[in-house]
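In what follows, a structure is listed as structure tokens, so that the remarks can point back to it.
The values are calculated or read from the model by the stated rules, or taken from the named source; none is laboratory data. If you're wondering where the values come from, they're calculated on a predicted model, not measured in any experiment. Please note: Cβ atoms are built from the backbone with ideal geometry, for glycine as well, and neighbour counts cover all protein chains shown.
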Amino acid sequence: MEDRYYSVEELSVILKLHPKTIRRFIREGKIIGRKIGRAWMVHQEDLKTYAHGELGGGSSGQSEAGLKNVLPNEPGADRIMVSAVVELREKDPEEASRISNSIIAMLNCRDPEWGKARYDMVHEPERHTARFIFYGTPRFIEAVMKVFAVITDQEDKI
């Protein structure tokens, strides 16, 4: 595997954060960076660690602000992007959280062929609904829809 380092400016585009925020994250240790010459650089593995930490973190299930980024694949892989929203009427209060945790686990060990992928979950406990919001390549959306098809198939058998 090729050693790849990202500049603060490249990270600001990938993570959709201001360069000052990236530098603050490096200073606070949220992102591991190395000073090369006069510039801060972040190794590809350290960026993946940060991105996976962001996916695994988040809220307590109420509502997650902003879409979480997963590192992009090679250039050109995102020529066609698709979005999907899945709304679920919950059977019990923990169901949305279990499904969200499963999706996050799936994203953490995702197939590189999925390319760019984003995920968010909005939970409305008072309405007993959860919305799972996805944005990514057709392969990513296909894989996610298969997960929901399995859930539907299991419910049909009960």
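Structure summary
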| quantity | calculated |
| --- | --- |
| Every pair of residues 6+ apart whose Cβ atoms lie under 8 Å, when the first sits in the range 38-56 and is under 14 Å from Glu9 (Cα atoms) and of a type in the set (Val, Ile, Thr) while the second is part of a loop (DSSP other than H, G, I, E, B) and at pLDDT 80 or above | Val42/Ile31; Val42/Ile32; Val42/Gly33 |
| From the options Phe134, Phe140, residue that is within 20 Å of Lys16 (Cβ to Cβ), free of Cβ contacts under 8 Å to residues at least 60 places away in the same chain, hydrophobic (A, V, I, L, M, F, W, C) and assigned to a strand (DSSP E or B) | Phe134 |
| Test set (1) in contact with a His (Cβ under 7 Å, 6 or more places away or on another chain); (2) at pLDDT 85 or above - Lys16 fails condition number | (1) |
| Selected residue (criterion: modelled with the highest pLDDT) from residues of the range 19-59 that are within 25 Å of Val122 (Cβ to Cβ) and of a type in the set (A, V, I, L, M) | Ala51 |
| Some residue of the range 118-125 being within 29 Å of Ile31 (Cβ to Cβ), of a type in the set (Asp, Glu) and either outside the structural domain of Gly29 (by TED's automatic domain parsing) or modelled with pLDDT of 85 or more (or both) | yes |
| Selection within the range 99-119 - surrounded by 12 or more Cβ atoms within 10 Å (Cβ to Cβ) and without any contact (Cβ under 8 Å) to a residue 24 or more places away in the chain | Asn101, Ala105 |
